[in-house]
1. Nearest 5 percent is fine: what portion of the DSSP beta bridges confined to the protein assembly as shown is antiparallel?
2. What translational diffusion coefficient, to the nearest whole µm²/s, does region B:3-163 have by Stokes-Einstein, given a Kirkwood radius computed over alpha-carbon pairs, a temperature of 4 °C and 1.567 mPa s viscosity?
3. Taking each pair of different alpha-carbon atoms in region B:438-546 once, compute 1/r for the pair, average those values, and report the inverse of that mean as the Kirkwood hydrodynamic radius in Å to one decimal.
4. Less than 17 Å apart at the alpha-carbon level, and either on another chain or at least 8 residues along: which aspartates and glutamates does that give for B:Lys544?
5. Here is the link list: B:Lys180/B:Lys307; A:Lys62/B:Lys9; B:Lys180/B:Lys335; A:Lys66/B:Lys335; B:Lys366/B:Lys492; A:Lys66/B:Lys294. Which ones come out longer than 29 Å on Cα distance?
6. Test of understanding: express the Cα radius of gyration of region B:207-357 as a ratio to 2.2 N^0.38 Å, with N the residue count.
7. Which is the longest run of chain B containing none of the GluC sites (Glu not before Pro) found in DSSP loop states (not H, G, I, E, B) with at most 16 other C-beta atoms within 10 Å?
8. For region B:2-8, take each phi angle, set θ = phi - 60°, evaluate the Karplus expression 6.51 cos²θ - 1.76 cosθ + 1.60, and give the result in whole Hz per residue in order, putting x for glycine and proline.
Amino acid sequence: MLHTLAVLVENHPGVLTRVAGLFARRAYNIESLSVCQTEDPGISRMTIVVDGDDQVIEQVSKQLHKLVVVHKVTDLTGEAIVDRELALIRVKVNNETRLEVLQTVDVFRGRVVDMGRTNITVELTGDGEKIDAFVRTVRPYGLMELVRTGKIAITRSDN
Amino acid sequence: MTGAEVLLKALEDEGVELIFGYPGGVLLALYDALLDSKIRHIGVRHEQGAVHAADAYARAGNRVGVCLGTSGPGATNLVTGIANAYMDSVPIVVLTGQVSTGLLGSDSFQEADITGITMPITKHSYLVRDPRELPRIVKEAFYIAASGRPGPVLIDLPKDVLAARDVVAAPAVPKLKSYKVFGKGNAGQIEETAKAIAQSQRPVLYAGGGVINSGAQTALKELVEATSLPVVTTLMGIGSLPAGHPNLLGMVGMHGTVTANYAVDDCDLLIAVGVRFDDRVTSGLGHKFATKAKIVHIDVDPAEIGKVVRTHIPLVGDAKLVLEDLMSLVQKQDKPEWWNQLRQWQKDYPLRYDTDRLTPQMVIEKIGKIAGEDAILCTDVGQHQMWAAQFYPVARPRHFITSGGLGTMGFGLPASVGAQIAQPDKTVFLVTGDGSLQMTIQELATIIQHKLPIKIALMNNGVLGMVRQWQKMFYDERFSQIQLHANPDFIKVAEAYGLKGIRVTDVSQVEGALTEARDYRGPVLVEFMISPDEDVLPMVPPGKEITEMLGR
Ligand SMILES: Cc1ncc(C[n+]2csc(CCOP(=O)(O)OP(=O)(O)O)c2C)c(N)n1
């Protein structure tokens, strides 16, 4: 099962290596990882999606906790969260397909950020499933390039 | 002050009296500053010797050990020893030289990314970029190394950081917001454990290195005496209860006693203290280990709990504090039926060996008698190590020093150096093998140079005995690459370095040779010519459950 971990770490060089290295050497699989500075510039937040049963996830979080650079590990799985991913997708188009593709982009509430004679580039935000669905839909036209950020997540406020 | 002076001052502030090390180009400023420092430098013959010595110094002296190596090859030579200390949770601070900050990452001469290389085998590490931060970094390093579950911390020191002049050091104020150390255990869980002890018919306490690290021996002894708890230990837990104590059943696991293994298999309550259910104990079969038992796991490292076996009562905390709290909640009890069973097993399946010839087991038992309770025994890795674990009567914690988790051949000789320097007034014996000794034999010179009266008992069987035993038992005696044909004359080697050499070829000479070695004022190597065909028994074959011992 996929778990989403929010990991608060110190914001300095080498920290990413420590975290990624721990996953590698303990044979845990990272599905996606995104990292950036938080509201506190000394702290970065990693959102790590990892595959494993409850026991594996428990070990992952305990091992992460042991790293001196890790402040906090929260398993967001099963919590009320908002999660988002950003994707940039370049799709092949020609005079016949351009309109169809643009309509699809519209349906998915994407945004065209670049347009060439033979392709368009779309920006899309949403949860992973929405992005998967969009990709499935436009693939037949010719998927030229796909960049995804990996998931970021935040818990919902309780009011 | 120079960066090097700031560093040495910071080390002095941590109470460092000596460093095991080996110089090199990027360390020139530091070695120069050492000339004017109170800190003693113990020169070794190979950086591996320095780190193992620091490791054993930490174990025998119950303090943080410090070692030092130069950049590149000096640093990589330390790697085995860092891994060794990591696996056995030993507090050491490893100082490595590094190329100047401006050259970092450019594959410059003698550059090795040692913080990268050692990331999985250190508790934490630092690459110092600003000499003003040295006091804080040193303070943090010592605190991290020694607190919680101890372990090695590495500080990589670029040449220009050490050579920097007019350094105005920042105060040594640690910034460790995210580092957590566990102390007392959860009161509810401790109460539950006390109840479990009262209800249990067949309890066992399984003691590991954590007992020794936390200094829990007295708490342990009081608890097990009050509640009649039988005790099995891991290799690292040897010394947590004195040899010969009536509650002690011996070592558990692959080469454990039959009674210890049967007891763990049959118990209805297993109280695991400072252990990690290593596969040399469980055969890698966590799900088949102590299956009839309720399992209590006491450990300072929360990640160990539930890692290998399912735990019924997890108890995160310092072993000593938890056992003391537990002691205040238990009532006196006897468990006579369980003890009848245990005594019967002990009678039926004692550890034994042949007495008609010169055997290593007998020699090791004799060393114990002649060296006395106050002596420290260091071992190398192989059959002789297991015989030492089985037959040497370890009376106290920190008096049995061995490479457990990593099983590093070559640990023994430099370890004896560290132990002797930590405890200059104690007798230090080393039990080693002809394979292991040759991995770090150059440290004989360190022994002479620093006038260490170490007593080396070399079990010379002419082979890599432990590997040979596995080939004999599990590979149809197809012996492959285990002969040590080109062994030197070890007596001549010892004498060439300046040690006294004594060769023992017959049982009748054992006592005399060992007494002579003990009473001789300097270092001695006693070589025991033993058969390559001795086996370490009993033995749980790989992948079998711990009750399926050969040689019962
Ligand atoms: C550095 C290292 N290399 C290889 C091994 C694998 N190994 C384990 S025991 C052993 C043989 C040890 O031989 P010796 O020191 O002569 O001791 P004996 O078993 O004969 O008592 C070997 C090769 C090891 N533990 N460490």
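1. Details: 45 of 108 bridges.
Roughly 40 percent of the DSSP beta bridges within the protein assembly as shown come out antiparallel.
2. Numbers: Rh = 14.9 Å.
Rounded, D is 87 µm²/s.
3. Numbers: mean 1/r = 0.0632 Å⁻¹.
Evaluated over region B:438-546, this radius sits at 15.8 Å.
4. Within the straight-line cut-off, B:Lys544 pairs with B:Asp265, B:Asp266, B:Asp278, B:Asp279.
5. Going by Cα-Cα distance, A:Lys62/B:Lys9; B:Lys180/B:Lys335; A:Lys66/B:Lys335 fall outside the 29 Å limit.
6. On the way: Rg = 15.0 Å, N = 151, 2.2 N^0.38 = 14.8 Å.
Working it through for region B:207-357, the quotient is 1.01.
7. Value returned for the longest uninterrupted segment is B:18-372.
8. 7, x, 4, 5, 4, 4, 5
Where a number appears in this text, it was derived from the coordinates with a stated rule and is not lab data. These numbers come from a predicted model, not from an experiment. Glycine gets a Cβ as well: all are built from the backbone with ideal geometry, and neighbour counts include every protein chain shown.
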